[in-house]
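Throughout, read-outs are computed from the coordinates displayed, never taken from laboratory work. Not measured: the values here are computed from a predicted model. Don't worry about glycine lacking a Cβ; one is built from the backbone with ideal geometry, like all the others, and counts go over all protein chains shown.
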Amino acid sequence: MRILFLPFLTIPSGHHHAADGIRAEIETLNIPCQFEKVDILSYGYGNIEKLISLIYLQWIQKFPQFYSFLYYLVSVKEKKTTKRYYLYEWLFLRKMKQLIKEMKPDIIICTHSLPSYLVAQLKSVQVWNGIVINVYTDYFINQLWGREHIDYHFAPSPCMREKLIGEGVKPLQTIVTGIPIHPVFRKENKKAKVTNYTVLICGGNTGAGSIDRFLDQLAPSGLIMYKVLCGKNIKLYRSIKNRNHPYIEALRYINDKEEMNKLYDKADAVITKPGGITVTECLWKKIPIIVYEALPGQEEMNLRFLKKNKLIFHLKDWKHSQHVEKQILHMLHQNLLIQQQVNYFKNNLVQEGICATIKKIVLSKQ
């Protein structure tokens with residue numbers, strides 16, 4: 001059984017973490033499989049992918065409002081599910097056809113919308129007839145994702161399942177699995193109670209966001225120990241180290257899932273951007289989630305969903321507040337909201353496990 005995972009770009013985003021988590025799930029089934037994970041941009045155009053990744057990260061940080069406007073215009077406002085994206089087809093369709101011919105996959109799992117669109121186009125003209133699965137890594141589904149000719153949709157929530165069905169996807173093809181995470185993060189949190197709090201601050205694996213400015217507003221008193229996940233942002237890591245603050249610790253990029261899980265187990269809360277994977281990991285771990293900002297585009301849509309369903313705390317005015325830590329402490333004391341988020345997650349966001357669903361699909365191909 002050949003299974004091909006298709007994220008987009010090589011930066012360590014949620015698209016890659018979702019693919020790795022699903023692979024880990026499949027490996028527990030003891031079904032002989034060969035796995036490949038390919039970014040179509042680097043496959044087709046080589047080192048230009050690194051330049052595009054850099055431009056993308058700079059764009060969303062320096063011109064967030066313009067990026068947000070374009071994202072909304074192309075991916076949210078447009079409601080035509082049969083719309084063609086001819087530029088993407090011109091750039092990537094031939095490359096995708098070549099990749100599939102080379103890899104000969106039985107199953108393709110798309111964790112990004114662009115590969116999903118391209119594979120759906122190839123299936124529409126019967127270039128390839130295997131099984132393709134859309135795995136959504138956010139709490140919103142943009143218009144680029146393939147709908148027709150996709151065999152299964154792993155929906156992040158019941159309302160997103162209803163959205164897909166309303167757009168013509170057959171109900172039996174849409175399963176509410178929740179956003180996939182690595183199995184290690186579903187282990188029970190057995191954190192011992194301590195006097196002071198430990199709070200993780202996450203900026204995503206690229207270290208994008210306003211973490212330095214956020215730390216300037218904190219004025220830590222000693223009641224909370226802050227551990228900052230800097231990802232691969234060396235500049236941010238060095239900046240925090242140079243602060244030499246007794247209550248702020250900088251952590252480099254953590255690739256090991258077990259090590260990351262141990263950090264979660266020690267955390268009383270996580271301050272983060274609303275990336276789908278990070279939020280879902282925290283929901284599984286029953287850790288209070290405090291959102292301090294959202295990158296333009298998908299994260300803004302995630303934030304709307306999370307606030308609507310009362311799954312997070314939102315520190316929206318921290319840039320103009322002199323009492324940020326006091327607000328964080330107040331949030332940590334609100335156990336009712338934390339219980340609401342856990343109950344909502346259990347009752348709504350996961351209705352059928354990824355592992356059981358994948359097993360049915362894989363066995364159907366044997």
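Could you work out the Kirkwood radius for region 105-163, taking every pair of different alpha carbons, averaging 1/r and inverting it, reported in Å? Let's see the in-between values first.
Values: mean 1/r = 0.0871 Å⁻¹.
Taking every pair of different Cα atoms in region 105-163, averaging 1/r and inverting gives 11.5 Å.
Would you mind estimating how fast region 233-366 diffuses translationally, via Stokes-Einstein at 25 °C and 0.890 mPa s with the Kirkwood radius over Cα pairs, in µm²/s? Write down the numbers at each step before the final one.
On the way: Rh = 17.1 Å.
Answer from the Stokes-Einstein relation: 143 µm²/s.
List, in the order given, every pair from Lys257/Lys285; Lys83/Lys308; Lys227/Lys273; Lys104/Lys359 whose Cα-Cα distance in the structure shown is over 24 Å. Could you put the intermediate results ahead of the total?
Details: Lys257/Lys285 14 Å; Lys83/Lys308 29 Å; Lys227/Lys273 15 Å; Lys104/Lys359 20 Å.
Table pairs above 24 Å Cα-Cα are Lys83/Lys308.
May I ask you to list the aspartates and glutamates whose Cα is less than 15 Å away from that of Lys101, ignoring any residue fewer than eight positions away on the same chain?
Excluding near neighbours in sequence, the set is Glu36.
Which far-off residues, 5 or more places away or on another chain, put their amide H under 5 Å from the one on Ala250, with H placed in the peptide plane?
Excluding prolines and chain starts, which carry no amide H, the hits are Val228.
Given H placed on each backbone N at 1.01 Å, which residues far from Met225 in sequence or on other chains put an amide H within less than 5 Å of it?
For Met225, the qualifying residues are Tyr197, Thr198, Val199.
Starting from the Cα-Cα distance between Ser364 and Val125, subtract it from 0.36 nm times their residue separation and give me the gain in nm to one decimal. Could you put the intermediate results ahead of the total?
On the way: separation 239, 0.36 × 239 = 86.04 nm, distance 2.32 nm.
Separation in residues times 0.36 nm, less the Cα-Cα distance, equals 83.7 nm.
Given an 8 Å cut-off on Cα distances and at least 6 residues of separation, report the relative contact order of region 257-344 as a percent.
Details: 91 pairs, mean separation 24.0, N = 88.
Result for region 257-344 is 27 percent.
Quote the relative contact order of region 1-48 in percent (integer), defining contacts as alpha-carbon pairs under 8 Å separated by 6+ residues. The partial results should precede the final answer.
On the way: 43 pairs, mean separation 27.9, N = 48.
About 58 percent, as a whole number.
What area, in nm² and to one decimal, does the C-alpha convex hull of region 106-264 cast on average over all directions?
Details: hull surface 50.3 nm².
Here the figure is 12.6 nm², rounded to one decimal.
Which order do peptides 234-247, 98-111 fall in by mean Cβ count within 10 Å, highest first? Could the numbers behind the result be given before it?
Working: 234-247: 13.6, 98-111: 19.8.
Per-residue mean Cβ counts within 10 Å order the peptides as 98-111, 234-247.
For region 82-182, what does the convex hull of the Cα positions come to per residue, in cubic angstrom? Mind showing how you got there, number by number?
Working: hull volume 10.3 nm³, N = 101.
Cα convex hull per residue, to the nearest whole number: 102 Å³.
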